[in-house]
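The values are calculated or read from the model by the stated rules, or taken from the named source; none is laboratory data. These numbers come from a predicted model, not from an experiment. Note that each Cβ is placed from the backbone with ideal geometry, even for glycine, and that neighbours are counted across all protein chains shown. SASA here: full protein model, heavy atoms, side chains in, ligands and nucleic acids out. Shrake-Rupley method; radii C 1.70, N 1.55, O 1.52, S 1.80 Å.
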Amino acid sequence: MIESIESSPGSTGSTDASQDTLSVNSPSDAPLFNNGDRVEVRKAYPIGHCRTPAYFRGAKGIVERHCGAFANPEELAYGRSGLPPVHLYRVRARQVDLWASYAGPVLDTIDVEVFEHWLVAAPEQLGDEATDNLEVER
Amino acid sequence: MIDISDSIGIHDLGGRLQEPFNQEEHDYEPWEKRVHALRELLATKNLLRVDELRRSVESLGEEKYKRLSYYEKWIWGMSQVMVERGVITDEELGRRIAEVKNRHD
């Protein structure tokens, strides 16, 4: 039941997806990442259910968009509430960086939706080919 | 010794080389439709989350995961969660399976 319409805590008033989440269970914190941020997917291999594909762990890319905040499937998988909701991002990476034998164009990218706790900010690096030429709407 | 590959589930197929598979459309068997309907029913009664079913199917182990069909995996996964949640007991399930088996043997 929707009890109140509230903006996410710490929101700046910009119209991102998280403000469309009408729920009494708001995420604890504002999104960590903005569109265009360089991120790296953690190389973690936890026991239990997770939604981060194995091939995408360790991937370097940029945040294409914030998808909203959702109950954590890793917790839901064991009958727990998964709350507070966790921010979800669509991360864009180059195919050539993911697949050793990728023969397609260097510009080919893949978008994968990854939860916030799987992402770390990747430092800006000159000549970081993996993220230099990726384009997203900021 | 436990290594990383032990944590990458058999279900996590993305990027792995696979054999070609049959891409033709096919109808579902009545029993498969019943399994799907049962999952939906359990979901509406808040007895089964899609994430629980996924986790359960993912934990089937390589041998079963490869051998069982899609809906056979659902049956195993759903039963597992129902027992976990105490909706049914192992004993009830076993008894019922034996009853149905006897009808058909």
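Between B:N102 and B:E29, what length comes free when the chain is fully extended (0.36 nm per residue of separation minus the Cα-Cα distance, one decimal in nm)?
Details: separation 73, 0.36 × 73 = 26.28 nm, distance 2.21 nm.
Stretched out fully, the B:N102 to B:E29 stretch lengthens by 24.1 nm.
Between A:W99 and B:Y65, the modelled labels are 2.1 nm apart [label points 7 Å from Cα along Cα→Cβ].
With a 10 Å cut-off around each Cβ of B:15-22, the average count of Cβ atoms from other chains is 1. Between A:R80 and A:E137, the modelled labels are 3.6 nm apart [label points 7 Å from Cα along Cα→Cβ]. Ignoring GluC sites (Glu not before Pro) that are buried or in helix or strand per DSSP, and keeping those with at most 15 other beta carbon atoms within 10 Å, what is the longest stretch of chain B between them? Longest site-free region, per DSSP loop and neighbour criteria: B:26-105. For the peptide A:75-83, the mean number of other protein chain Cβ atoms found within 10 angstrom of a residue's Cβ is 4.
Report the far tail of the P(r) of chain B, meaning the percent of Cα-Cα pairs longer than 21 Å. If you can, show how the numbers build up before the last one.
Working: 2635 of 5460 pairs.
More than 21 Å apart: 48 percent of the Cα pairs in chain B.
Tell me the carbon and sulfur percent of the accessible area for segment B:20-74, rounded to whole percent, probe radius 1.4 Å. Provide the component values of the computation, followed by the final result.
Values: 2090 of 4160 Å².
Roughly 50 percent, rounded to a whole number.
Here segment A:72-106 and segment B:1-73 have alpha carbon centers that stand 19 Å from each other. Tilt of helix B:30-44 relative to the longest C-alpha principal axis of chain B, in degrees (0 to 90, nearest 10)? Helix B:30-44 sits roughly 90 degrees off the main axis of chain B.
Of all lysines in the structure, those lying under 22 Å Cα to Cα from B:K64, and not within fewer than 8 positions of it along the same chain, are B:K33, B:K73, B:K101.
For segment B:10-54, which trypsin sites (Lys or Arg not before Pro) pass both filters: DSSP loop (anything but H, G, I, E, B) and at most 12 other C-beta atoms within 10 Å? Intermediate values should be presented prior to the final figure.
Values: sites: B:R16, B:K33, B:R34, B:R39, B:K45, B:R49, B:R54; in loops: B:R16, B:K45, B:R49.
Those that pass, being in a loop and sparsely packed, are B:R16, B:K45.
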